[in-house]
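For reference, the structure is listed below as structure tokens.
The values are calculated or read from the model by the stated rules, or taken from the named source; none is laboratory data. Quick caveat: nothing in here was measured; it's all calculated off a predicted structure. Note that each Cβ is placed from the backbone with ideal geometry, even for glycine, and that neighbours are counted across all protein chains shown.
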Amino acid sequence: MRALVLVLLLIYALPAQAVTCRDIDHEGRPYTVCEVDAAREDLRLFLSDDAGDLLGQFGAVDAALEAEGARLAFGMNAGMYHPDRSPVGLYVEEGKAQTPLVTRAGPGNFGLLPNGVFCIEEGRARVYETLRYEAEGPACRDATQSGPMLVIDGALHPRFLPDSGSRYLRNGVGTSANGRRAVFAISNQPVTFHEFGRLFRDVLNTPDALYLDGNISRLHAPALGRSDPGLWVGPIVGVVEPAEN
């Protein structure tokens with residue numbers, strides 16, 4: 001009995017992980033899923049350093065965080081960008097909007113309406129359909145717009161086709177109704193929008209989910225020994241933890 005009590009005390013004394021990542025299989029397709037308690041963890045967006053230079057890589061974010069005695073516990077590319085890596089659509093960081101909200105339809109996946117906004121507020125994170133975001137005006141400390149929406153109020157995007165032949169690596173984020181859970185997922189082989197949306201709706205149980213990007217999708221998950229290399233990206237979402245953890 002004493003041994004059991006000692007083990008339990010040791011378990012509870014260990015620092016909690018800032019983010020929980022795991023590999024899963026859904027309908028024969030492999031994914032990596034990372035879940036964040038948005039009410040407790042330091043979830044942020046990153047684009048440029050204090051000098052205005054593009055970060056663009058997980059390693060650059062880590063290096064920038066060293067100055068505050070912190071590191072990146074999780075990271076993922078977080079929205080589409082122009083050739084100069086500036087965000088397509090709304091981008092807000094530390095309460096300052098750097099690019100405006102785009103509500104019109106347009107070419108490519110971003111313009112496949114409805115699209116949406118991933119919004120980090122005080123103590124929660126939410127995915128908003130773009131017109132709902134515009135109407136409600138939530139107080140986002142950080143926000144990134146992307147598209148299309150994957151799941152909207154529990155329903156798949158109306159233009160997703162079950163028999164689509166368009167397959168790419170894809171990454172996205174879904175949130176719980178109360179905004180406490182933020183669940184990030186990346187496919188580890190090409191999938192359709194319909195398959196990816198069903199992952200968020202049926203497995204991850206997120207009533208609202210947003211596509212972040214495809215083909216260049218990348219994940220930084222040190223707990224899994226994974227940090228995907230590649231060309232520079234635009235916005236990055238990440239969880240920050242003390243460097244001594």
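Give the stretch 168-205 a look and list any residue that's of a type in the set (S, T, N, Q), within 13 Å of GLU35 (Cβ to Cβ) and surrounded by fewer than 24 Cβ atoms within 10 Å (Cβ to Cβ), or say none.
Within the stretch 168-205, SER176, ASN205 meet the criteria.
Which of the strands (runs of 3 or more DSSP E) found entirely inside the stretch 130-192 contain at least 2 residues meeting this: in contact with a His (Cβ under 9 Å, 6 or more places away or on another chain) and closer than 18 Å to LEU112 by Cα?
149-152
Only one of ARG226, ARG181 is in contact with an Asp or Glu (Cβ under 7 Å, 6 or more places away or on another chain), among the charged types (D, E, K, R) and closer than 30 Å to GLU68 by Cα. Can you tell me which?
After applying the criteria, what remains is ARG181.
Given the criteria closer than 30 Å to CYS21 by Cα, surrounded by fewer than 20 Cβ atoms within 10 Å (Cβ to Cβ) and at pLDDT 95 or above, does ALA64 qualify?
yes
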